[in-house]
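Below: the structure, in structure tokens.
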């Protein structure tokens, strides 16, 4: 029986006997398969041990004939069915139950579910390709691209007839798309600078899995888990190579915007880094919310990934910034983060909506049910452009006068006229907007303006008088804990 002997990073020998005269040298090409070639050799030796001398004789003859360039194409072509027969016999004897990797109770209508026979088909293809990789992964013995594709398709014909290949592609697409949500700025940067769209990267990862990674699957392990890990690591490595130690920021403030701001660029980058990290935290909370919603509604047809995709599609349509951002979200976050209010005015509608939702999660923890009619609007984004000016007048004037008489403080000044004008402007801009919920996409049927106005009168009267500073400190501590 033959054995394998590695003599260098890419150099292997097939030792046929104790003498060196029949040893076969294999120089491997640089690839992921080469880095883990022991998986291939260990499998081939297990098949040889199972089939005995018959397989060993055939294998040595097969590799020897492939060393002759004039015989190589014909040898590989006529031995495709032989390889499949040896592998099928070995796997049949092992009788691995691939249904153990499938939990159909967690599957939804749109879930990407691989059933036992489909996983078995992936493993069979992997085993065929392991034996074939002695030729396909060799620098000297490999076939031309066209013939290699033909041979590969013959090995893969059983799963090509099914939905397995498209399911693998869907796994790659869905997992990669998740990173698109949290690293949008970097993907836009890559698209602009490197002319490489996320769709191209998805295809590259898919081809990488089908041509390299699938060979390295082990017959007693779940290949789908392996594929998912490869996608995660591939995307992280790809993004890391683009970051190259630079400050992380994932929104769309261009270089021109940065140089146009009359402050130190390092300060600007620091602001951007904080905003980018805050947006990432907000995304994680939204994903958790989507997963909880999916888990609590078992009759839903969509799975969590579909919820996330729908959320992302909705996010990409946001063109307007809610007036609540200018009068509540940005001022409060400016106090909490020490980022200037002017800098918040540079962010996009999408980023503003995400920060608005995140701030409301903090408000609910700190203020409980106070100002709930007002704060719940932070979960919504405008479907139309908010008005710049308004003629609205606060209706609950008696409530306003009572609370102003109680605190008598507008940033140190005893005045009622100026806060009244500000409140009229704030409430008026909110009153005539069509809102849509950021998570569910449902339109707000109507704003309870009387309750919202009452909440805003009380909140801003306390805010302007400095009565909420302790609450702001608590909000800041909770935000820092999230970081």
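Values for this structure:
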quantity	calculated
Residues satisfying the stated conditions in the range 438-457, i.e. out of contact with any helix residue (DSSP H, G or I) (no Cβ under 6 Å at 6 or more places or on another chain), surrounded by 12 or more Cβ atoms within 10 Å (Cβ to Cβ) and not in a loop (DSSP other than H, G, I, E, B)	443, 454
Helices (runs of 4 or more DSSP H) fully within the range 204-315 counting 1 or more residues that are surrounded by 12 or more Cβ atoms within 10 Å (Cβ to Cβ), modelled with pLDDT of 55 or more and over 15 Å from the mean Cα position of the chain (by Cα)	223-243, 265-296, 304-315
Any helices (runs of 4 or more DSSP H) falling wholly within the range 38-155 and containing at least 1 residues that are under 30 Å from residue 225 (Cα atoms) and without any contact (Cβ under 8 Å) to a residue 24 or more places away in the chain	69-94, 116-136, 145-155
Subset of the range 458-483 (residues that are over 12 Å from residue 332 (Cα atoms), without any contact (Cβ under 8 Å) to a residue 40 or more places away in the chain and surrounded by 14 or more Cβ atoms within 10 Å (Cβ to Cβ))	none
Members of the range 410-432 that are surrounded by fewer than 17 Cβ atoms within 10 Å (Cβ to Cβ) and more than 30 Å from residue 350 (Cβ to Cβ)	411, 412, 413, 414, 415, 416, 417, 418, 421
Residue within the range 8-28 that is at pLDDT 85 or above, touching a helix residue (DSSP H, G or I) at 6+ places or on another chain (Cβ under 7 Å) and part of a helix (DSSP H, G or I) present	no
Single condition residue 462 does not satisfy, out of (1) under 38 Å from the mean Cα position of the chain (by Cα); (2) assigned to a helix (DSSP H, G or I)	(1)
Some residue of the range 376-388 being more than 34 Å from the chain's Cα centre (by Cα) and either under 22 Å from residue 319 (Cβ atoms) or surrounded by fewer than 17 Cβ atoms within 10 Å (Cβ to Cβ) (or both)	yes
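The values are calculated or read from the model by the stated rules, or taken from the named source; none is laboratory data. Quantities reported herein were computed from a predicted structural model and do not represent experimental measurements. Cβ sites come from the backbone with ideal geometry, for glycine too, and all protein chains shown count toward neighbours.
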